[in-house]
Amino acid sequence: MKIKRTTLTVALVVLCFFAEAKVKPVVHYNFGKSGNVTYAVAPDKLKPVTGTGELTALGRPVFYADAPGNKKMKGEGGLLFNGDGDGYRLANPFGTPAENQMLEVWVKPRHNRQREQKKHSSQVVVANGNGKEGYVIVRKGDKWQLISGSSGVVTIGEVAEDVWTHLAMVVDGEKGSVWLNGKKTGIFNPTKAIASNFSIAVSEEGKEAFYGEIYEVRYSTFTAGKFDPDSDFLLDYKKIKEQSKQRLAERQSLVRQLEQEGAGKEIVSELPNLRQQKDWLIEPVESQCRRYVQKSDDGVTSMFQLNNGLISRTFYVGENLACVGYKNHSNEAEYLRAVKPEARVCIDSVWYEVGGLKEQPELSYLLDSWYPQLEASDLAFTLEKVETGMPLERYPWTRKFNAVSTDWPAKGLRMEMTFVPTGNMPAVKDVKVKVIYEIYQGLPVMAKWIEVINENDTNIVLNDMECEVLAVNQDQVKRIHVESDFSFALVNADIEGSALMHYAGTPKIYHVGSSTTRWMVDKEYNTWASHNQAEDKFLGFPHHNLLISTLPMGPNTRIGKDSPFKSYITFELLQDSDDRERQSLGHRRMYKKLAPQTTESLIAGGITSHDEEKLKSFIDQMSELGLEQLDIQAWPGVSHDNLDSAYVQLWRRVASYAKKRGIVMGGYELQVASRGRGKEVDCIHPETGKPGSLFGQSVCIASQWKDTYYPKMWEFFDKTGFMTYNMDGPYHGDPCASTVHLHHAGLEDSQWQ
């Protein structure tokens, strides 16, 4: 009797299970375990593991031993489609427009070998019907999309190359939704008809071919209102729960780390928001630079702020980190209107965001209540930790030559945020990106730069970077001054404002860089007051309110395990007035604090002679007049790499004579620009491929010339006692197209190197 009762109970459980089944597979193609794919070349005909509908091959798809999750460990694989027309097709579609349905696919896109040429074209993953009548899941550039017949296109999500991804579309009643890895990402209007076609990796016409791997495709139906995304997809829900639990633990650990003690850190119940009562240009503001961390209420989100009493920058930590506030406390102006990534890096020709959050509903302003709904990108570097310390000494400097008395490095606080890749970024799995801020006591200024660390033995190439990405309120665009220390003539040149430069035709970006600061139109910001281009032109393009700090060209530099990369430094001065004189005074104050060598000032006397007696006589006259610096002017000036004994001894005697009379000395030299040093080391003009530069012929300082000239120059200073250098023709940005110079690979990295 016990056996019979047990059997009956099991039978009832089984019956109940089938009675409760909500999704009914109509057809299921599984290329990993169907048994049909057993050779390197996929068969001409493929049968489904569930349902009917034999697929016919187009081209020559091949078996590839890879599959999602643990399927690969079980020996399963998928089909590799080469993007040249390989695919499978069936003349008839599945289902009808009226029924509740689900179409899902496991897909692994590969890096598009013709990305730039075809970045606007579509690659079909699976089509039930066609783009006019039916549903088509496609890759378009870096986005997954669903084409719903004539009802429109909806974005499913971002493409993660070389990562297995689950894509799905669901129609429940008269509502459609799209899903990425089990997460709802959008809605759409269902199609009105389904054309006679079902195809995988190609369109109905055998075009728009997909490049990548596909593991399985399934079309199912279900009872209205019974679809459950937590159980009905072809997903490993156990693994998803484990990953979700792990992410939660990581966020809790990060929040605890943020609230630990550290240099310049203070834990508070609420972030400060006080107006600065002092005028910083008249009365010193001595408030300490602090990093305030607001005590977390839930243990999984956090807020912190860099603050010096004059300005503050506020960050929110949820699924990732985002800057949510940038305030000038002198006039209580908020500069930020929308969340953007902390930075962007292009590594091995692929762009990645660093930090940032998505799904802000309106980009004109940002509300605190929106923070919980902001989402992280699976393809963005994610915050791992935040550390603080004192500002770095960017270069050695001691006060001399009548310079202002100031602290060096300037007093303040440095904050270093480390970001790591997600699991959907295998190409950069061993790369970390650091975003570093410095804030200074008594100055409404922040400095920012990035560092890229490669922990893999294989080099990577940093093709491009954006070290600052800031969505600025329109009324504050003219009240923020931005510049960087990557600053020289051709990078700063403006085609509309430089009368000294003459070009044949339209100048290249490496000749007219317009500085590292770019004011761009924010393509995501579509709710401004006017789209009238003529009106915008009349008003001076008022909607260029996306601030980007980037190089005109490059860096295009290799980063090895033992050679981390550090970018240039961007400085941001928040002005509290539109008054140009006040803004100029603020700019000067910034330089006095952050580049104090610019305040060095000597009363100089110049002479062109190399005659020792004439030089000493001139020094005597200078001493009587109270002059402080002797400058050997052109021509002939001084050859700083000439270590001939007699030449060095001459200048040593003269410098010693001057020093005894309280005079420092140095000399003029045309160093780099307009001075060729030989065809082996001179700049190669990018347009001609021959030696040549914008101003005559310049030497390339990323050639082996620098390895001989500069060591000799420093030795010359040491041996002669010279203290100043009147340099003409410094490096002003000449690009070099040589591919044989020792310290750069080609044109794209020549300015940076």
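Quick note: the coordinates plus some simple rules give every number you see, no bench work behind them. Keep in mind the model is a prediction, meaning the values are calculated, not measured. Please note: Cβ atoms are built from the backbone with ideal geometry, for glycine as well, and neighbour counts cover all protein chains shown.
Straight Cα distances below 25 angstrom link residue 712 to the lysines 400, 659, 679, with same-chain residues fewer than 8 positions distant left out. Plainly put, region 78-216 has a radius of gyration that is 0.93 times its Kirkwood radius, both from alpha-carbon atoms, as the Rg/Rh ratio.
Between the listed residues 380, 403, 339, the Cα displaced farthest toward the positive end of the dipole of region 334-475, a dipole computed from Cβ unit charges relative to the Cα centre, is found at 403. Shown for 287, 577: other C-beta atoms within 10 Å of each C-beta, ranked fewest to most, produce the order 577, 287. Distance from the Cα centroid of region 604-635 to that of region 247-275 is 61 Å (rounded to whole angstrom).
Taking other C-beta atoms within 10 Å as the exposure proxy, 102, 590, 446, 727 rank 727, 590, 446, 102 from fewest upward. This model, with +1 at the C-beta of Lys and Arg and -1 at the C-beta of Asp and Glu, gives the chain a dipole about its Cα centre of some 1820 debye.
Quick one: order 652, 251 by neighbouring beta-carbon count within 10 Å, fewest to most.
On the way: 652 15, 251 21.
Ascending number of Cβ neighbours within 10 Å: 652, 251.
Each of the peptides 313-322, 379-388 was scored by the mean count of other Cβ atoms within 10 Å over its residues; in descending order, highest first, they stand as 313-322, 379-388.
Looking only at the chain, where both bridge partners belong to it, what percent of the DSSP beta bridges are antiparallel (to the nearest 5)?
Working: 154 of 173 bridges.
Of the beta bridges lying entirely in the chain, close to 90 percent run antiparallel.
Measuring max minus min along each principal axis, the C-alpha atoms of the chain give extents of 122, 61, 61 Å (largest first).
Rounded to the nearest 20, the size of the Cβ-charge dipole of region 665-738 about its Cα centre is 120 debye, with Lys and Arg at +1 and Asp and Glu at -1. Annotation: lysines with alpha-carbon distance below 16 angstrom to residue 566 (same-chain offsets under eight excluded): 432, 434, 448. Qualifying GluC sites (Glu not before Pro) in region 398-458, where qualification requires a DSSP coil assignment and no more than 11 other C-beta atoms within 10 Å, comprise 455. Pairs of alpha-carbon atoms within less than 8 angstrom and 6+ residues apart define the contacts here; what relative contact order does the chain have, in percent? Relative contact order comes out at 8 percent.
The DSSP beta bridges internal to region 601-732 are antiparallel in roughly 15% of cases. Oblate is the label for region 324-428. Its Cα gyration tensor axes, ordered a ≥ b ≥ c, give a/c of at least 1.5 and b/c at or above a/b.
Loop-located chymotrypsin sites (Phe, Trp or Tyr not before Pro) across region 173-231 with a Cβ neighbour count of 11 or fewer within 10 Å are lacking, with loop assigned by DSSP.
As a length-normalised measure over Cα pairs under 8 Å and 6 or more apart, the relative contact order of region 601-732 settles at 28 percent.
Are there DSSP H segments in the chain that both extend 15 Å or more along their axis (alpha-carbon positions) and score a mean Kyte-Doolittle hydropathy of at least 0.5? List them, or say none.
Result, helices passing both filters: 2-20.
Each peptide in 151-158, 662-669, 303-310 receives the mean, over its residues, of other Cβ atoms within 10 Å, and ordering these scores from highest gives 303-310, 662-669, 151-158. Helical content alone sets the calculated 222 nm signal of the chain at -5000 deg cm²/dmol, taking -39,500 (n - 2.57) per DSSP H segment of four or more residues and averaging over every residue.
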